[in-house]
Amino acid sequence: MSTASLTVEQTAGSMRTGALRRVFSFPVMLASILVVLATLTVRGRFDDPDMWWHLKTGEVIWTTHTIPATDLFSYTARHQAFVPQEWLSQVLIYGAYRWAGYPGLMLWLCFFTSALLIAGYALCSLYSGNAKVGWAGAMVIWLFASVGYAVRPQMIGYLLLVLELLVIHLGRTRNPRWFFWLPPLFALWINFHASFFLGMGLAGLLFLCSFFNFHLGLLESSRWEPHRQKLLGLALILSAAALFLNPTGPKLVFYPLDFMLHLPINLSAIDEWKPLAMNSARGVGLLIVLACIFLSVIIKRSQLFWEELVLLAAGTWFATHHERMAFVFGILAAPVVSRLLADSWDGYRSEQDRPWPNAVMITASLLIAFWMFPNQRSIAQQTEESSPVKAVEFLKAHHITGNMLNEYIFGGYLIWAAPEHPVFVDGRGDLFEFAGVLAQYGGWATLHDDPNALLDKYKVDFCLLDRNAPMARVMPLLKGWKSVYSDDRSVIFVRTAPAS
């Protein structure tokens, strides 16, 4: 064998060995543990009431090849204009269901939860320069993301937020051409989820911070190189233009602003938009994370960067005002925590890696994730516990017809499982507030208004309510109504006398 051939074989062997070492590296092993954590966390979360109307909307888009711009599922807000702000996510959700039914939806959730945690781990590792401490940052994201793990478009939206921060960090610390990944990212983001608006705002804040140059005690800001500033500014201009690459045009771009300014009932009455309870696990966690950050700065005399303080302040404001935005706080705080803890644990060194133990751990992690994945029976049980499955079966078996007044949280499932019964209201709170229905329903459901007034106005023939709802106790007292079905989850009342 010639020397040249031997050299080629040695080079090829070295490349294969290097590839295997990268595949079975310590960081990959830690990422595989995050897959197990993701599976264990969401295996019992097949219960979000909004999942169902997202699924049905995806089916409509998939089968008709058109994106609905008006309400199709209710009789109270029929033909009310509706901005399809999450249409591409809904198509992916329905695609998962079409491929493998309910297990396909659960796999969708496991995949995007894993992707979110792994992307967060990559961001924290690169930002801190320590792949071991970066895993702690991923755990911060895991904790605060627990407010929103569900088969919903927000999972994709917040994954894109992590990727945005990762791109900006790489553009600042490595090649500024990384910034030009932002326009295609936003072109996708606007069609996946309304959090694109938040992403643009945070990118704008980082751009403004790049112009500051000061040193104030332990707070520091370094002005970026002019070349990087210009390229980021150009990338943001292109990103803003990319937002208009959507099927609705300017309406979709400005819809989040419209939501914040003109939908007070959604922001004050719907649970996930209420302020974060500071005595909850996530509320206590937020205080602990902030305390760790500032104690680390004070005790260890670590520098806190100006842009970090700005993002922390924004994330804290979002989370304390709206519980669902704790998700955002975790994503913004995790890299800061990782950087401040970077010197508390020896960093990862590839030359000290042990591929075979890593390979065993990776294999074990994937097998555990597979074993812990919920079976069809478990998913069906979760559906029955959270949705009026038996009540819908009763409606169909007894051919109950007419206008239905349903519990708010049941609306999504009814859209999916009983499309022959247009709903009164469902989780699309923005749509029903614009139509004026949400305020009326809220007054009725909370016993602030005469219950007969709403029932007669909409000529309601039967009500499908949560068994523990206040109105479930009032309905038997109303003249002309009787209970015909009841289980541990729901109750059905039908009208026995014509509406007045």
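Return the residue satisfying two criteria in turn: it lies in the stretch 338-356 and is part of a loop (DSSP other than H, G, I, E, B) and among the charged types (D, E, K, R), and of such residues it is modelled with the highest pLDDT. Can you show your working first?
First, pick out the residues of the stretch 338-356 that are part of a loop (DSSP other than H, G, I, E, B): 341, 345-349, 353-354.
Retained after the next criterion (residues that are among the charged types (D, E, K, R)): 346, 349, 353-354.
Numbers: 346: 74, 349: 69, 353: 71, 354: 79.
Filtering first and then ranking leaves 354.
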### Query
In this structure, does residue 210 turn out to be surrounded by 12 or more Cβ atoms within 10 Å (Cβ to Cβ), touching a Lys or Arg at 6+ places or on another chain (Cβ under 9 Å) and of a type outside the set (D, E, K, R)?
yes
### Task
Among the candidates 152, 172, single out the residue that is within 20 Å of the chain's Cα centre (by Cα) and touching a residue at least 12 places away in the same chain (Cβ under 8 Å).
152
### Single residue of the stretch 361-419 satisfying the filter (over 25 Å from residue 498 (Cα atoms) and hydroxyl-bearing (Ser, Thr, Tyr)) that is surrounded by the fewest Cβ atoms within 10 Å (Cβ to Cβ)
363
### Task
Could you tell me whether the stretch 131-150 includes any residue that is touching an Asp or Glu at 6+ places or on another chain (Cβ under 8 Å) and farther than 30 Å from residue 345 by Cβ?
yes
#### Entry: Count of residues meeting criterion [surrounded by fewer than 18 Cβ atoms within 10 Å (Cβ to Cβ) and farther than 30 Å from residue 353 by Cβ] in the stretch 18-58
2
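Could you name every one of the helices (runs of 4 or more DSSP H) located completely within the stretch 157-266 that has at least 1 residues being modelled with pLDDT under 95 and closer than 25 Å to residue 112 by Cα? Break it down into steps so the answer makes sense when it comes.
Details: elements: 182-192, 196-209, 226-242, 250-262.
Here the list reads 250-262.
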### Query
Within the bounds of the stretch 433-447, is there any residue that is modelled with pLDDT of 95 or more, loosely packed, with under 15 Cβ neighbours inside 10 Å and not aliphatic (A, V, I, L, M)?
no
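So that you can scan it fast, the table gives a plain yes or no per residue for (1) outside any loop (DSSP other than H, G, I, E, B); (2) touching a strand residue (DSSP E or B) at 6+ places or on another chain (Cβ under 9 Å); (3) of a type in the set (Ser, Thr, Tyr); (4) more than 12 Å from residue 388 (Cβ to Cβ):
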{"residue": "462", "(1), (2), (3), (4)": "yes, yes, no, yes"}
{"residue": "473", "(1), (2), (3), (4)": "yes, no, no, yes"}
{"residue": "482", "(1), (2), (3), (4)": "yes, yes, no, yes"}
{"residue": "488", "(1), (2), (3), (4)": "no, no, no, no"}
{"residue": "491", "(1), (2), (3), (4)": "yes, yes, no, no"}
### Query
Just wondering, is there one or more residues in the stretch 93-116 that are farther than 18 Å from residue 148 by Cβ, charged (D, E, K, R) and out of contact with any Phe, Trp or Tyr (no Cβ under 8 Å at 6 or more places or on another chain)?
no
### Summary
Counted residues in the stretch 267-284 being in a helix (DSSP H, G or I), surrounded by fewer than 16 Cβ atoms within 10 Å (Cβ to Cβ), modelled with pLDDT of 90 or more and not small (Gly, Ala, Ser) come to 1
### Message
Which pairs turn up if I take residues in the stretch 20-44 that are of a type in the set (Phe, Trp, Tyr) and look for partners that are assigned to a loop (DSSP other than H, G, I, E, B) with beta carbon separation below 7 Å, at least 6 apart in sequence or on another chain?
### Response
26/348; 26/353
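Let's see how each residue does on (1) closer than 18 Å to residue 48 by Cα; (2) free of Cβ contacts under 8 Å to residues at least 12 places away in the same chain; (3) in a helix (DSSP H, G or I):
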position: 358; (1), (2), (3): no, no, yes
position: 364; (1), (2), (3): no, yes, yes
position: 367; (1), (2), (3): no, yes, yes
position: 380; (1), (2), (3): yes, no, yes
position: 383; (1), (2), (3): yes, no, yes
position: 395; (1), (2), (3): no, no, yes
position: 413; (1), (2), (3): yes, no, yes
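Yes or no: the stretch 37-51 includes at least one residue that is assigned by TED's automatic domain parsing to the domain that holds residue 362 and at positive phi.
no
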#### Entry: Failed item in (1) under 27 Å from the mean Cα position of the chain (by Cα); (2) surrounded by fewer than 16 Cβ atoms within 10 Å (Cβ to Cβ), with residue 483 passing the rest
(1)
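The values are calculated or read from the model by the stated rules, or taken from the named source; none is laboratory data. None of the values given here were measured: they were computed from a predicted structure. As a convention, Cβ positions derive from the backbone with ideal geometry for all residues, glycine included, and neighbour counts pool all protein chains shown.
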